[in-house]
Amino acid sequence: MTTTQLAPSTLGAPARPGLTPAGLVTVLLGAALPIIDFFIVNVALPTIDADLHASTATLELVVAAYGIAYAVLLVVGGRLGDSLGRRRLFFIGLWLFTLTSLACGIAPTATTLVIARAAQGAASALLLPQVLSIIQATTSGEERSRALGLYGATGGISTIVGQLLGGALVAADVFGTGWRPIFLVNVPIGLVVLVLARRLPESRAHDPLGVDRLGTLLLATTLLALLVPLMEGRALGWPAWSIVLLALSPVSAATFVHVERRLERLGGTPLLPPSVMRLPSVRSGLMVAIPFFGAFGSFMFVFAMTLQEGLHFGPLGAGAALTPLAVAYFTVSMLSSRLVTRYGQKVVPIGGAITAIGMVVLLCTTLSAWPHVTVLDLAPSMVAIGVGNALAMTTLFRIVLSHVPTDLAGVGSGVMTTNQQTSLALGVATLGSLYAALSGSLGSRDAFAVVIGLVAVLATVVAITARRLPDPRV
């Protein structure tokens, strides 16, 4: 997300347009749509598979294409809003999100759906950065604190809504459309928000940062060259192009680092500035964030698949099974700031440890009760995983940004969110592919056990390595 540099107020200067309650509701609705859409897809994956005859590797792309496009273009979207106008970019991003949701909902093939999902992620990257920027530019003091609190609550509520709404819509099978309403529901909601968005105040940065076009292209090349072969290579028998792309990915990554360093040395503003990446709080926070978000991304994908394909919960049952996790996450995330004020960076390793324990409990529960596992059986582990993720995730963001200079806060947030989305996609690509490979030979039960065991190991790594994180209170 981006921050806004506001000029000092002067006598006789025009009053800054404020954000009305209706305007705040409008931007929060705009923020909720992409978050809901990220989570709503998980419970629909088996139904998409049955309808479009998609392989597990293609289903991974349905999830990851959104995250990759969002990760690559997030910083670009924020900078375009600062330069061209945040209301304008909010409006454009919402229009594109509504249109790409329609494209997802009517996609005739799995390949078309993957392309539409990538376009939807790109639209989200234009839309979401404007929300915090509009709040930052049009509110102050206690009003801003309340708005930011509501923004955080929106993320938690959207997670819950995504799980339940996704399951309910797929189970309802409206007019025989199966999974398609999970995307089509965005269209009427998006149109309503578009009408409301016309009344939002416009704002721009006084000294906007430029767009790093070459850096953006190189980051996209690196991610695609790494993730697409990891997802598709095994299913296709590792064709030559997949090996070539994998070999290209480190070269592209090295070129990206070189270009970013050179641009910053010449006085430009890179997509991911090396000087910000070298800050101890950022560097150590990102190193913990990679296994954390990688584990979370793979868990959400594999668990949703296992619930329906292995345990035959159905979409509504899968949504209900994940709801205790989402409720626990929302509740604890509201309390996390108080815990950080008291315990500092210790909150992250505690969260990692609770997540690891939750994964072990989940593993024991499913193995002992398979195939007669119920939602109530899963509830204790889901609550533990939700609590652990809330403690670790919200605190990680705070630690990464704690020592970033105020004038680079938007850049720091963009670095963290790009890392988050990339790691989520990487988790789906690696452990999701491992699950697909093992389920064919060992069956869903044992494949699930192996992957959840690895996720528990990653959570343990987070609990151990996070002990060295800097204290955000200092």
How large a share of the accessible area of segment 146-299, in percent, is made up of carbon and sulfur atoms when the probe is 1.4 Å and the other protein chains stay in place? 70
With a sphere of radius 13 Å drawn around the Cβ of I40, what net charge do the other residues whose Cβ falls strictly inside it have (Lys, Arg +1; Asp, Glu -1)? +1
Based solely on its DSSP helices, what 222 nm [θ] is calculated for the chain when runs of n ≥ 4 H residues each add -39,500 (n - 2.57) and the sum is averaged over all residues, nearest 500 deg cm²/dmol? -27000 deg cm²/dmol
Segment S83-E143, extension gain: residue separation times 0.36 nm, minus the distance between their alpha carbons: 19.1 nm
The answer for the chain, accessible area per residue at 1.4 Å probe in Å², is 40
Separation in nanometres of the label points that stand 7 Å from Cα toward Cβ, at Y343 and D471: 1.6
From the P(r) of the chain, can you give the percent of Cα pairs sitting at distances over 43 Å? 10
Volume per residue that the Cα convex hull of segment 318-385 spans, once the total is divided by residue count, Å³: 67
Using a 1.4 Å probe and ignoring any ligands, DNA or RNA, find the accessible area of W241 and quote it in Å² to the nearest 10. 110
Stokes-Einstein at 4 °C, 1.567 mPa s, Kirkwood radius from Cα pairs: D for segment 348-474 in µm² s⁻¹? 80
Taking N as the number of residues in segment 212-350, what value does Rg over Cα atoms divided by 2.2 N^0.38 Å take? 1.41
Report the calculated FRET efficiency for H258 and R278 (r = Cβ-Cβ distance, R0 = 22 Å), to the nearest 0.05. 0.90
Can you compute 3J(HN,Hα) from phi for each residue in segment 45-62, using the Karplus curve 6.51 cos²θ - 1.76 cosθ + 1.60 with θ = phi - 60°, rounded to whole Hz and x for Gly and Pro? 4, x, 5, 4, 4, 5, 7, 9, 6, 8, 6, 4, 4, 5, 4, 4, 5, 4
How do I350, I35 rank by accessible surface area computed with a 1.4 Å probe, from largest to smallest? I350, I35
To the nearest 10 degrees, the tilt of helix 280-305 (Cα long axis) against the first principal axis of the alpha carbons of the chain is 40
Output the 0 to 90 degree angle, nearest 10, between the alpha-carbon long axis of helix 86-105 and the longest principal axis computed from the alpha carbons of the chain. 20
Probe 1.4 Å, all chains present, heavy atoms only: D49 accessible area in Å², nearest 10, is 40
Reduced to Cα centres, the span from segment 121-161 to segment 378-431 in Å works out to 16
In degrees rounded to 10, the 0-90 angle between helix 186-197 Cα long axis and the longest Cα principal axis of the chain is 10
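The values are calculated or read from the model by the stated rules, or taken from the named source; none is laboratory data. Since we're looking at a predicted model, the values are computed, not measured. Using ideal geometry, Cβ is built from the backbone for each residue, glycine included, and neighbour counts are taken over all protein chains shown. When the accessible area is computed, the model is the full protein with side chains, heavy atoms only, and any ligands, DNA or RNA have been set aside. Shrake-Rupley method; radii C 1.70, N 1.55, O 1.52, S 1.80 Å.
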